[in-house]
Amino acid sequence: ETFETLIRLAENYTSTLFCNAYRNMAAEATTHVQEFFTDVGLFIFGTDVSTEEFVNRFFDTLFPVVYNHVINPGPTDISVEYAECLRMARRDIRPFGNIPKKAIGQMGRSLLPSRTFLQALNLGIEVINTTEHLHFSKDCSRALLRMQYCPHCQGLTLSKPCMGYCLNVIRGCLANMAEVDLHWRGYIQSMEELSSAMSGTYDIEHVLLNFHSLVNDALVQARINGPELSEQVNKVCGPPIRKPTQSPGCSFDQNKDNQGLKMFSRDSEETLTNRRKEFISHLRLYRAFYGGLADQLCGNELAAADGLPCWNGEDVVRRY
């Protein structure tokens, strides 16, 4: 949910840029912004899409809109066929300079660790769900019966098994769990390393919430180089062919996600970075979960406390 809120907020930041600074092309541009952030979400949540491809697609589709409203504005819009020619020519003409390449680098290096982190979370859930249901062997079932219910035959209904006896029985029953322990510890260490890799320059929050400024830089560059770009476009696509329609104004609702804006202010405790760090610190507490399960079960509920009379499998004794 935190990832989804972040993506939606970054989309709103970018759409707001067009509404505030490039209002005449905001409606068209916002459609491409929505498509771009849909691709961001699809990638993070595991769909097989290429970051390079969807970043390039965004700038390809943005170029005809920018040409129509910033580089060579006219009384009416360019035709669909002319817009398609501009879209196809964008990578050769390079109207946005090295900004698309910069965006590809930032997206690739910030989205991939986040995608891997979410996949790793799902793997952890799978491990926990799989180990939640145990199938005990006959030997284990007999040992448990002897430990917990045999004293009842002697009327010793309140006696609990001795700690050492309990540990022997439960460790035998959970031998398969103990084999998970080493891998579980390795998994948690990998999660810690992955979390560390998600911070710094390529922190996903930093990259997504500042994407709008990259887009702005691209638009400024296209505007500055307008006359030169017009010449290049004329060589590739010919003079602009226009149609008798006009683009609608901005229809984006800037107040739609005020709650999200508050949630992701940089001094807020609810940032994705803080959520992630809090999660990792909780996960560390369970590093020895599978290896120490027998100790937890016997110590917390099954066995008698030290010094109290306890059941040793045959009788109630003072010491095991």
> What are the residues in the range 145-166 that are under 14 Å from P309 (Cα atoms) and small (G, A, S), if any?
Replying inline: S159, G164
>> Can you tell me which of (1) open to solvent by less than 50 Å² (accessible area, probe 1.4 Å); (2) under 22 Å from the mean Cα position of the chain (by Cα); (3) among the hydrophobic types (A, V, I, L, M, F, W, C); (4) modelled with pLDDT under 65 is the one L272 doesn't meet?
In response: (4)
> Pairs under 6 Å by beta carbon, first residue open to solvent by 90 Å² or more (accessible area, probe 1.4 Å) in the range 223-234, partner of a type outside the set (D, E, K, R), six or more apart or different chains?
Replying inline: R223/V70
>> Residue pairs, Cβ under 6 Å, 6 or more apart or interchain, first in the range 174-192 and closer than 21 Å to H135 by Cα, second surrounded by 15 or more Cβ atoms within 10 Å (Cβ to Cβ). List them.
In response: L174/L293; L174/A294; M177/Y290; M177/L293; V180/Y290; D181/Y290; D181/G291; W184/Y290
> Is it the case that some residue within the range 210-225 is more than 30 Å from S114 (Cβ to Cβ) and of a type in the set (K, R)?
Replying inline: yes
> When you go through (1) out of contact with any Phe, Trp or Tyr (no Cβ under 6 Å at 6 or more places or on another chain); (2) touching a residue at least 40 places away in the same chain (Cβ under 8 Å); (3) crowded, with 17+ Cβ neighbours inside 10 Å one by one for A26, which number turns out not to apply?
Replying inline: (1)
> If a residue has to be under 21 Å from A178 (Cα atoms), surrounded by 10 or more Cβ atoms within 10 Å (Cβ to Cβ) and free of Cβ contacts under 8 Å to residues at least 12 places away in the same chain to count, how many in the range 138-149 make the cut?
Replying inline: 2
>> Quick check on the range 93-104: of everything there that is crowded, with 16+ Cβ neighbours inside 10 Å and on the phi < 0 side of the Ramachandran plot, which residue is farthest from the chain's Cα centre (by Cα)?
In response: I93
>> With of a type in the set (V, I, T) and in contact (Cβ under 8 Å) with a residue 12 or more places away in the chain as the only criterion, which of V220, V215 stands out?
In response: V215
>> Taking the criterion of being assigned to a helix (DSSP H, G or I) and free of Cβ contacts under 8 Å to residues at least 12 places away in the same chain, would at least one residue in the range 106-120 satisfy it?
In response: no
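Rundown of residues vs (1) surrounded by 16 or more Cβ atoms within 10 Å (Cβ to Cβ); (2) polar (S, T, N, Q); (3) under 30 Å from S114 (Cα atoms), yes/no style:
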position: K277; (1), (2), (3): no, no, yes
position: G291; (1), (2), (3): yes, no, yes
position: A294; (1), (2), (3): yes, no, no
position: C298; (1), (2), (3): yes, no, no
position: A304; (1), (2), (3): yes, no, no
position: L308; (1), (2), (3): no, no, no
position: R318; (1), (2), (3): no, no, no
> With (1) of a type outside the set (D, E, K, R); (2) more than 35 Å from the chain's Cα centre (by Cα); (3) loosely packed, with under 14 Cβ neighbours inside 10 Å as the list, and N168 as the residue in question, which single condition is left unmet?
Replying inline: (3)
>> Going by what's in this entry, would A218 be described as in contact with a Pro (Cβ under 6 Å, 6 or more places away or on another chain) and either open to solvent by less than 10 Å² (accessible area, probe 1.4 Å) or closer than 27 Å to E11 by Cα (or both)?
In response: no
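The values are calculated or read from the model by the stated rules, or taken from the named source; none is laboratory data. The model shown is predicted, which means the values in this text are computed figures rather than measured ones. As a convention, Cβ positions derive from the backbone with ideal geometry for all residues, glycine included, and neighbour counts pool all protein chains shown. Remember, those area values only see protein heavy atoms, side chains included, never the ligands or the DNA or RNA. Shrake-Rupley method; radii C 1.70, N 1.55, O 1.52, S 1.80 Å.
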